[in-house]
Each structure stands twice: as structure tokens, then as C-alpha cells.
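Beneath this line is the structure, given in C-alpha cells, with notes to follow.
The values are calculated or read from the model by the stated rules, or taken from the named source; none is laboratory data. Note that the structure is a prediction, hence the values are computed from the model and not measured. Methodologically, a virtual Cβ is constructed for each residue, glycine included, from the backbone with ideal geometry; neighbour enumeration extends over all protein chains shown.
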Amino acid sequence: MPIKVEFPRESSDGTPVFSAAPLEGSRKNFFTHNWCDPTTWYQGSKLVASEALTDQGDHKTFKPAASRPWIDVTHGKSFGEVDQASFAPEIQVDGQTKSENSPGTTDGDYSIDYSTGTVTFNVALAGSEVVTASYFYADSSLFIVAPSEGRLCRITEVKILFSKDIEMTDNLVFQVWAYDPENLPNKIPVSGAEVYKTILNFMQDANKVQPVVLKIGGENWRALTDDLLPMSFDYTATIDLFASYGMEIHVWLEHNTPFDGCMAYGTFYTLSSAEPEA
């Protein structure tokens, strides 16, 4: 647990007496998109409601009009998917909602290729049914770290996880935004942009490059599919985000071009507390 050092009193000879106390606030962590995988880019996604899917002739395979990544909050691609459940697709047959197979099983009615939006039913339909889909598709890589209303978020550490096979194909940008006092409630950048153009840039800025975490877990969907390199950015001088000022951190790929490879994640470790009274 993070600690702060206080000087509440002195000894008889004037020497400060130290005491350690926990930092105030509750833990609140933010888990970014995987910048290798647009099916995780839920924050910058757009909704398509009740689109009719096209039967590919086998009465099992149905496709949307456009092939594009659907947001996937089912397969454990990022921690905290339970909080993203509203982004899950809904598939209906003649107005009746059907269930997706649980990961690694065929216990539902259909599976989805989230990279294209192709829906495949376990059992062929009769052929006369109307199949519709309501879904979110990836439109932007933007990820925002922001406190809840009335709260202060203090960022204490950021961790980056790169898989061994990572290949950067775009610049990653980090910037602080807040309310524009002349054009409320719009927000504007209030810091310079930190732009990471190479793997070396991340290593130069990180406080720690930690030992490689080896691939583990076999070959199923729950496994770690490649070795990971963690890098940490410790904030001795913390970044405080005040909800009342609309403060938030924006992180995005400059041209929305996914990295090649398995994984490129960030985790923002913060302490959340009530904003101090003015």
C-alpha cells in the first residue's frame, strides 16, 4: 500500500519523529485498450442498432454490410470487462434475442468473429428468418482516464505491457485535457503532448523495465500467448485529476493504426477521493 511520511512531533532534542500513514483514497485502476486489437477499443466505438445481417447461403453464416472490428467484452481481453457489458452485441432472430457461446464452448446459439462481425450459428436456420445485430464497432483508439463526478484521481503509477512480438506501426500520444473556460463544457489540451515513436522512447521514459514474464497457460483462450515485457512509470510527483476542472488524460494512436503483434496495454494506478472543498 502506498504511504506518506508525516512529521507530527519532535523528540526532546528537537529531532523529528517520523510516522507512516496510508495515503487517503480508494484504489481505482484504469485498464487501457489493447493497441494491437481494435476489438478492445470500446471507448472510441460507435453503435449500430438492429442491422439486418446477410445469409451467406448456408443459413448458418451471417455478415453485416461492412466488415469491421466489433467490440468484444466477452473473452477476457482486458481486465474489468464486467464494467463494459453494455458494449456487448445483441443478435436477434425474428425479434428473439439469442445467446452467444461462452468462450471455449458451444453452449449458446452462435459464435462471432469479432474482427469482421461475422456471426455463425451452431445449427443452421430454416432460411426464411430475419437475423439482426446491434453492436459497437471500433472507430477510434482514444482512451480516456477521468475521475468520477466530485472526485479527485491521483495517479501514482502507469504500467505498460508489450508482447515480445510487438511492432509499432503508429505513434502513441499522451496528453492532459481539461475544461476550456471560454467555451464550456468543451475541453482542450492543457499540457504538451508526450509522443512515443519507438520502443526505445518508452524505455527511456520508464522508471523501471522489469523482467520478462514468460508465456504461460497452454494454448487455450485463457493463456498468455506471448512473452511480455513490463515497463513502469512511477509518479513521485503525482498527477492529480480534478473532476470539477474536467481534467482527464487522453491516450491514443496518432493515426488509429493498430500495432502489429499480440498485446500493447497500459494500466493507470490511481487513488480516488472526494475533491477538497474550495
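Only residues in region 98-123 that are farther than 26 Å from D139 by Cα count as the first member; pair them with residues that are among the charged types (D, E, K, R) and surrounded by fewer than 14 Cβ atoms within 10 Å (Cβ to Cβ), Cβ under 8 angstrom, at least 6 apart or cross-chain, and list the lot. Close Cβ pairs satisfying both conditions: G104/R222.
For region 49-63, the tally of residues that are touching a Ser or Thr at 6+ places or on another chain (Cβ under 7 Å) and among the β-branched types (V, I, T) stands at 1.
Note on region 207-222: among residues that are among the β-branched types (V, I, T) and not in a loop (DSSP other than H, G, I, E, B), the one that is surrounded by the most Cβ atoms within 10 Å (Cβ to Cβ) is V213. Return a yes/no flag: does region 220-232 have any residue that is of a type in the set (D, E) and over 22 Å from the mean Cα position of the chain (by Cα). No, there is no match, as no residue in region 220-232 is of a type in the set (D, E) and over 22 Å from the mean Cα position of the chain (by Cα). Listed by position, the strands (runs of 3 or more DSSP E) inside region 86-163 whose residues that are within 30 Å of D205 (Cβ to Cβ) number at least 1 are 131-138, 143-145, 151-163. Here I188 meets the list (1) over 19 Å from S78 (Cα atoms); (2) without any contact (Cβ under 8 Å) to a residue 24 or more places away in the chain; (3) outside any strand (DSSP E or B) almost entirely, failing just condition (3). Screening I160 with (1) touching a helix residue (DSSP H, G or I) at 6+ places or on another chain (Cβ under 7 Å); (2) more than 23 Å from H75 (Cβ to Cβ); (3) at pLDDT 95 or above gives one miss only, at (2). Looking across I166, I91, one residue alone is under 28 Å from K208 (Cα atoms) and either touching a strand residue (DSSP E or B) at 6+ places or on another chain (Cβ under 9 Å) or of a type in the set (A, V, I, L, M, F, W, C) (or both). It is I166.
Condition check ((1) modelled with pLDDT under 95; (2) in contact with a Phe, Trp or Tyr (Cβ under 8 Å, 6 or more places away or on another chain); (3) under 30 Å from A124 (Cβ atoms); (4) not assigned by TED's automatic domain parsing to the domain that holds W221) across all residues:
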position	(1), (2), (3), (4)
S12	yes, no, no, yes
P16	yes, yes, no, yes
G44	yes, yes, no, yes
Q56	no, yes, yes, yes
K60	no, yes, yes, yes
A85	yes, no, yes, yes
Q92	no, no, yes, yes
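The single residue among L229, L241 that is closer than 27 Å to S45 by Cα, among the aliphatic types (A, V, I, L, M), part of a strand (DSSP E or B) and in contact with a Lys or Arg (Cβ under 9 Å, 6 or more places away or on another chain) turns out to be L241. Residue count for region 28-50 under the criterion of being among the small types (G, A, S) and part of a loop (DSSP other than H, G, I, E, B): the result is 1.
Tallying residues that are modelled with pLDDT of 95 or more, part of a loop (DSSP other than H, G, I, E, B) and under 19 Å from A178 (Cα atoms) within region 244-278 yields 2.
Considering each of V213, V209 in turn, give the residue that is more than 30 Å from S115 (Cα to Cα) and in the same structural domain as I160 (by TED's automatic domain parsing). After applying the criteria, what remains is V209. The set of residues in region 133-156 that are surrounded by 20 or more Cβ atoms within 10 Å (Cβ to Cβ) and of a type in the set (V, I, T) contains only V145.
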